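The values are calculated or read from the model by the stated rules, or taken from the named source; none is laboratory data. Everything quoted here is computed from the prediction, not taken from an experiment. In this analysis, Cβ positions are derived from the backbone assuming ideal geometry, glycine residues included, and neighbour counts consider all displayed protein chains.
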Amino acid sequence: MFYRNVASNNGLPVFTSANAPSPELVGLPRVMLGDTATLFIVNPINNPLSSSQISAMRYYSVFARYKQTTSGGTITSDYNNNKYLSMIKFSDPIRLTNTNNEARGIRNGTYARLAETYLIIAEAYGRKGDYTTALSYVNILRNRAAYKANEASPQIWKFMGGSNTLDNTEMQNAATPLLFTTNAPSEMYPPSVTSTTSRFIHFMLNERTRELCGEFFRWEDLVRTETLFDRTKLYNADISPSFAMYHKRRPIPYLQMIAQQIDGRAMTPEQMAQYQNPGY
């Protein structure tokens, strides 16, 4: 969701007699400063939002993952390359000034995450074949993230088709060996991944995605596990056709190369070519 950050009401939509929740709101702004102005809805394809549901919402813009103009009609989506959910996991809500490019804020930087420590331990045990201990660390994180008994979930109630309150989902969401000892559909393993050993590594990559999404670990994870090429080609529909195996290493900058010396002399073009990573 995106919040209204403009104080002036000039030109902004107001409630009318047709859509105001109560008569005293007619003529007032539909969204006030600090209120949700734009809403992205993540709903499943079997529960598309109708046009009437969307138009009844007070927000300036509503983008549904799946929507339907008429009952039984064609299901379409508002999501595209220009409209998509953005990551604000580490966003600083308070900036020193209100200018668009202000980078200074008050939120502390995150240098370490306890959850990542658990995932590192889990992967280490799994690489040794001790899957029971590995999963015990994974499930500590899953239990922390699970819904607790009678916890309200407007997202599930309104858009996912579930009940207004939930049961405790700790045991329902617990990871089991079946997730990597078999080709579990939920994990979407690459076709080339066929053994328990390799599926476990990809399972941990999936688990790190679920826990650490948007935290700048992904490049290192894919490179260190030698999975960058296969997973990028499989999961990134927008990847360039020229993407190749050698892209797991990045090019060495030219300015770095001309700063190097061999026997007290600047490198020749031939030496630079040998110094450069393959493919570049």
Problem - Residue within the range 211-219 that is more than 17 Å from the chain's Cα centre (by Cα) and either of a type in the set (F, W, Y) or more than 27 Å from Y118 (Cα to Cα) (or both) present - result: no
Exercise for the section: Please note which helices (runs of 4 or more DSSP H) are completely contained in the range 195-263 and include at least 3 residues that are closer than 30 Å to A124 by Cβ. Expected result: 196-212, 218-224, 228-235
Fill in the blank from the handout: Within the range 174-223, restricting to residues that are out of contact with any Lys or Arg (no Cβ under 9 Å at 6 or more places or on another chain) and of a type in the set (S, T, Y), the one that is farthest from L234 (Cα to Cα) is T176
Completion exercise
Checked pairs for the range 208-224, first of a type in the set (G, A, S), second at pLDDT below 95, C-beta under 9 Å and 6 or more apart or across chains, list as G214/M87; G214/I88; G214/K89; G214/F90
Problem - Boolean, T225 is of a type in the set (S, T, Y) and outside the structural domain of A124 (by TED's automatic domain parsing) - result: no
Completion exercise
Those residues of the range 62-113 which are within 22 Å of L33 (Cα to Cα), acidic (D, E) and surrounded by 13 or more Cβ atoms within 10 Å (Cβ to Cβ) amount to D92
